[in-house]
1. If you fit an axis through the alpha-carbon atoms of helix 80-104 and take the longest principal axis of the Cα set of the chain, what angle between them do you get, 0 to 90°, nearest 10?
2. Using the alpha-carbon atoms, what tilt in degrees (0 to 90, nearest 10) does helix 54-72 show relative to the longest principal axis of the chain?
3. Taking the number of other C-beta atoms within 10 Å as the exposure measure, put D13, D48 in order starting with the fewest.
4. How high is the relative contact order of the chain, in percent, with contacts defined as C-alpha pairs under 8 Å that are six or more residues apart?
5. So what's the angle, to the nearest 10 degrees on a 0 to 90 scale, between helix 38-50 and the longest Cα principal axis of the chain?
6. Starting at 0 and stepping by 5 Å, how many percent of the alpha carbon pairs of the chain end up in each bin?
7. To the nearest 500 deg cm²/dmol, what mean residue ellipticity at 222 nm is calculated for the chain from DSSP H runs of n ≥ 4 alone, each contributing -39,500 (n - 2.57), summed and divided by the residues?
8. Rank R40, R88, R28 by mean-square fluctuation in a GNM of the chain with C-alpha springs under 10 angstrom and give only the top-ranked residue.
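Nothing in this text is a laboratory measurement; each read-out follows from the coordinates by a stated rule. A quick note: this is a predicted structure, and the numbers were derived from the prediction, not measured. Neighbour counts are summed over all protein chains in view; Cβ atoms, including those assigned to glycine, are modelled from backbone coordinates with ideal geometry.
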Amino acid sequence: MPPQVVSAPYDRDLYRLSEILGALHFLRGICAGNEGQKWRTEAQALIDAEAPAGDRHDQMVASFNRGYRGFQQSYRSCTPAAMVVTRRYLEEGAGIAREITARYAN
């Protein structure tokens, strides 16, 4: 019998945060080129902590990739619009992280 997949009440937020991290990995790469792998590393740490394997892991990875590819298709260089999106995503991601921590941390 395969192991039961347990979902957390904040999975939807985690998937959104993973998507934001993917978008930031791309956008900060074209707009603030000196951060290297920072956002990918943050996403990997989140995935390792929350879902090291299984369906949740796969969904978090897919969300990260969706965020990255969505902006990769739209932007070839840093534009004022890309800067606005980056700022909004930084704010939204920080808000999600605070909310998850406030509601679910021990």
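1. 20
2. So the inclination is approximately 10 degrees.
3. D48, D13
4. Computed over the chain, the figure is 40 percent.
5. 10
6. Using 5 Å bins, I get a P(r) of 2, 12, 22, 23, 17, 11, 7, 3, 1, 0, 0 for the chain.
7. Helices in the chain give a 222 nm mean residue ellipticity of -25000 deg cm²/dmol.
8. Sorting by GNM fluctuation, first place goes to R88.
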